[in-house]
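Undergrad: Structure in structure tokens, see below.
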Amino acid sequence: MPELARSLRDAYNTADPAAPLPSGDPRYVDCTDVRGNRDVVQRMFNIITWSDSDTAQLLTDHRGCGKSTELLRLKARLEEASYAVIYFEADEDLDVNDITYSDLLLAVIRRIESELRQNYEIELDPELLENVQHWFAEVLYTKDDWRRVQRELNAEAELGVGLPAGVPLLARLLARVTGQIKTGHDVREEIRRKLDPQISLLIENINLTILRAAEQLHRQDSQGLVLLIDNLDRVTLRELKTGRTSHEALYIDHGEQLRALKCHVAYTVPISMVYSPMASQLKAIFPHCAVVPMVKIARPEGGEHSEGLARLKEMLARRMDLEVLFTDQAVDDLCRTSGGHPRDLLRLATYACIHAPRDRWPQPIDLETTKRAEAELVEEYSRLIPEDHYPKLARVHLRHRVENDADHQMMLYNLSVLEYLNGPPPWHDVHPAVRRLPKFQEALERERQAVGQA
């Protein structure tokens, strides 16, 4: 195990909330039993390895709850079982503020080609690559434009710009197109306008690429190809001109296209979709959806969940020397305020390091300092909550359940409401940071009076 952090600087860095843990990392804490005994990695692994046909699964959680870490564990398990696994974060290739299914499919074919070439030393049939390249050229460009693009791509290769020498022209073309989709609004719309009528042929070309790759993988004794596509849960929830939300357009309107790939695939999905009015349609398209719930720190009937709180403390203890850096009271306070949300726990720890008075160091961080850290988190959540959400948040807190409507979808999406699984069915509560807001307290008092709980 790496040496534990013993200074504020080291603690700040080891508690980086944005970095998922790779499989086998000694900082990983198994929280299956305090998440309702749902082992999502085992579940997804079984579905892939037992199925006689291609599978399309969904994985969801509250952002920062550990979904990426679980996907990386799944990747390692599948590789041990002789599967070729391509894992990528969608927001590396695409703009999460504006993603369509055709953008995602383009990113998929680009990643398949590049990952197989770089990580599995599979060179796809040159004739196949050339045919796919010609198809893209015919769909996206006029003849004159394509000649210009070819010259530019060849010139970049000669100058050593971008992808290394010897990379197929198709790879360079896909890198250019996905880059344009991510960074340029006008060109993005133009590419979509040309691709959408041809989407069945795009999927056909992706599947042809997958099938040719599968033949070579089989000769390497591989059990098959698996795609794990992370960070789609970060796609911004917004209303479209069609009356649909951006999430509905991606997973409902075009879910069949996303599951049409001739390999095993898992997509991440915002947890709000599981509680949307479209949840039954989502289930019909993607029958398998695994949820990573919060670490339970309380019981719906009241009282703390000591095992869950202990597991949160262990997350910190595997990164830093708590006896040196924090008082016991301060650690307990951070764990309670996190709501069982691992990323918020780490955020709070970094905020506490920032707020720790340097003139008192090396005295451990105390309760007074963690309260300042928590105030910062409370302030951040206050900016996320529309005024008309407070009465509904109060009702969620009293009833421990959410409704299938747009407001509750947003509450789940922005983490003001968290999901727990102490045993079926799931239950919900308002994030502890939100419960500290005066507007929430006022709404809660009004709701209690309305139901006679004053």
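The values are calculated or read from the model by the stated rules, or taken from the named source; none is laboratory data. Since we're looking at a predicted model, the values are computed, not measured. Methodologically, a virtual Cβ is constructed for each residue, glycine included, from the backbone with ideal geometry; neighbour enumeration extends over all protein chains shown. Areas reflect the complete protein model, heavy atoms only, side chains present, ligands, DNA and RNA absent. Shrake-Rupley method; radii C 1.70, N 1.55, O 1.52, S 1.80 Å.
Undergrad: So is THR60 hydroxyl-bearing (Ser, Thr, Tyr), without any contact (Cβ under 8 Å) to a residue 12 or more places away in the chain and either open to solvent by less than 40 Å² (accessible area, probe 1.4 Å) or closer than 30 Å to PRO300 by Cα (or both) or not?
TA: Details: hydroxyl-bearing (Ser, Thr, Tyr): yes; without any contact (Cβ under 8 Å) to a residue 12 or more places away in the chain: no; either open to solvent by less than 40 Å² (accessible area, probe 1.4 Å) or closer than 30 Å to PRO300 by Cα (or both): yes.
So THR60 fails the test.
Undergrad: Residues that are in contact with a helix residue (DSSP H, G or I) (Cβ under 8 Å, 6 or more places away or on another chain) and farther than 25 Å from ARG234 by Cα: list the helices (runs of 4 or more DSSP H) wholly contained in region 371-445 that include at least 3 such residues.
TA: Details: elements: 390-399, 406-413, 432-435.
In region 371-445, the matching helices (runs of 4 or more DSSP H) lie at 390-399.
Undergrad: Being assigned to a loop (DSSP other than H, G, I, E, B) and open to solvent by less than 10 Å² (accessible area, probe 1.4 Å) is the filter; apply it to region 222-250 and report the residue that is nearest to SER53 (Cα to Cα). Write out each step before concluding.
TA: Of the residues in region 222-250, the ones assigned to a loop (DSSP other than H, G, I, E, B) are 222-224, 231, 235-238, 240-244.
If we keep only those that are open to solvent by less than 10 Å² (accessible area, probe 1.4 Å) as well, we get 231, 235.
On the way: ASN231: 25, VAL235: 29 Å.
The selected residue is ASN231.
Undergrad: Could I ask something else about it? Kindly indicate whether GLU70 is under 19 Å from the mean Cα position of the chain (by Cα), open to solvent by 10 Å² or more (accessible area, probe 1.4 Å) and under 19 Å from ALA290 (Cα atoms).
TA: Values: under 19 Å from the mean Cα position of the chain (by Cα): yes; open to solvent by 10 Å² or more (accessible area, probe 1.4 Å): yes; under 19 Å from ALA290 (Cα atoms): yes.
The answer is yes for GLU70.
Undergrad: List pairs: first residue in region 172-193 and under 20 Å from GLU138 (Cβ atoms), second residue basic (Lys, Arg) and in a helix (DSSP H, G or I) anywhere in the structure, Cβ distance under 6 angstrom, at least six positions apart or on different chains.
TA: The qualifying pairs are LEU174/ARG110; THR178/ARG110; ILE181/ARG188.
Undergrad: If ALA375 satisfies all but one of (1) at pLDDT 95 or above; (2) among the small types (Gly, Ala, Ser); (3) open to solvent by less than 20 Å² (accessible area, probe 1.4 Å); (4) over 26 Å from VAL29 (Cα atoms), what's the number of the condition it fails?
TA: (3)
Undergrad: Follow-up question, since we're still on this one. Sort through ILE99, ILE86 and tell me the only one that's at pLDDT 95 or above and not in a helix (DSSP H, G or I).
TA: From the options ILE99, ILE86, the qualifying one is ILE86.
Undergrad: Could you tell me how many of the residues in region 10-29 are outside any loop (DSSP other than H, G, I, E, B) and either under 19 Å from the mean Cα position of the chain (by Cα) or without any contact (Cβ under 8 Å) to a residue 12 or more places away in the chain (or both)? Full working, then the answer.
TA: The first filter runs over region 10-29 and keeps only residues outside any loop (DSSP other than H, G, I, E, B), leaving 10-14.
Then keep just the ones that are either under 19 Å from the mean Cα position of the chain (by Cα) or without any contact (Cβ under 8 Å) to a residue 12 or more places away in the chain (or both); that gives 13.
Total satisfying the criteria: 1.
Undergrad: Just to be sure I understand, how many residues within region 94-123 are under 18 Å from the mean Cα position of the chain (by Cα), open to solvent by 10 Å² or more (accessible area, probe 1.4 Å) and among the acidic types (Asp, Glu)? It would help to see each step written out before you state the result.
TA: From region 94-123, those under 18 Å from the mean Cα position of the chain (by Cα) are 94-101, 103-105, 107-108, 111; that's our starting set.
Remaining after also requiring open to solvent by 10 Å² or more (accessible area, probe 1.4 Å): 95-101, 111.
Add one more test, that the residue is among the acidic types (Asp, Glu), and what stays is 95, 98.
Looking only at that region, the number is 2.
Undergrad: Something else about it: Looking only at region 30-43, which residues are in contact (Cβ under 8 Å) with a residue 24 or more places away in the chain and open to solvent by 30 Å² or more (accessible area, probe 1.4 Å)?
TA: As a first pass, look at region 30-43 and keep what is in contact (Cβ under 8 Å) with a residue 24 or more places away in the chain: 31, 33-36, 38, 40-41, 43.
Correct list: ASP33, ARG38, ARG43.
Undergrad: Can you pull out the helices (runs of 4 or more DSSP H) entirely within region 251-360 that have at least 1 residues that are surrounded by fewer than 22 Cβ atoms within 10 Å (Cβ to Cβ) and at pLDDT 90 or above?
TA: Values: elements: 255-258, 271-274, 279-285, 306-317, 322-325, 328-338, 342-355.
In region 251-360, the matching helices (runs of 4 or more DSSP H) lie at 255-258, 279-285, 306-317, 322-325, 328-338, 342-355.
Undergrad: Here is a further query. Go through (1) under 23 Å from ARG27 (Cβ atoms); (2) free of Cβ contacts under 8 Å to residues at least 24 places away in the same chain for GLN363 and report which single condition fails.
TA: Result: GLN363 fails condition (1) only.
Undergrad: May I pose another question? Hey, can you tell me all the residues within region 44-61 that are under 21 Å from PRO293 (Cα atoms), in a helix (DSSP H, G or I) and either aliphatic (A, V, I, L, M) or modelled with pLDDT under 95 (or both)?
TA: MET44, ILE47 - these are the residues of region 44-61 that are under 21 Å from PRO293 (Cα atoms), in a helix (DSSP H, G or I) and either aliphatic (A, V, I, L, M) or modelled with pLDDT under 95 (or both).
Undergrad: Please work out which residue is least open to solvent (accessible area, probe 1.4 Å), limiting yourself to region 124-135 and to residues that are free of Cβ contacts under 8 Å to residues at least 60 places away in the same chain and over 14 Å from ILE206 (Cβ atoms).
TA: HIS134
Undergrad: Of the residues that make up region 143-157, is at least one touching a Lys or Arg at 6+ places or on another chain (Cβ under 6 Å), in a helix (DSSP H, G or I) and open to solvent by less than 20 Å² (accessible area, probe 1.4 Å)? Before the answer, list the steps.
TA: So in region 143-157, the residues touching a Lys or Arg at 6+ places or on another chain (Cβ under 6 Å) come out as 153.
With the extra rule that they be in a helix (DSSP H, G or I), the set shrinks to 153.
Now drop any that are not open to solvent by less than 20 Å² (accessible area, probe 1.4 Å), which leaves 153.
So far as region 143-157 goes, yes, one or more of its residues are touching a Lys or Arg at 6+ places or on another chain (Cβ under 6 Å), in a helix (DSSP H, G or I) and open to solvent by less than 20 Å² (accessible area, probe 1.4 Å).
Undergrad: Quick check on my filter: what residues within region 1-36 are closer than 22 Å to GLU89 by Cα and of a type in the set (Phe, Trp, Tyr)?
TA: TYR28
Undergrad: Additional query: Go through region 432-454 and give me each residue that's of a type in the set (A, V, I, L, M, F, W, C) and farther than 26 Å from MET294 by Cα. Explain how you work it out, then say what you get.
TA: If we filter region 432-454 for residues that are of a type in the set (A, V, I, L, M, F, W, C), which is where we start, we get 433-434, 437, 440, 443-444, 450-451, 454.
Across region 432-454, the qualifying residues are ALA450, VAL451, ALA454.
Undergrad: Quick one: ASN46 ticks every box in (1) more than 25 Å from ASN414 (Cα to Cα); (2) in contact (Cβ under 8 Å) with a residue 24 or more places away in the chain; (3) open to solvent by less than 50 Å² (accessible area, probe 1.4 Å); (4) more than 19 Å from the chain's Cα centre (by Cα) bar one, so which box is it?
TA: (2)
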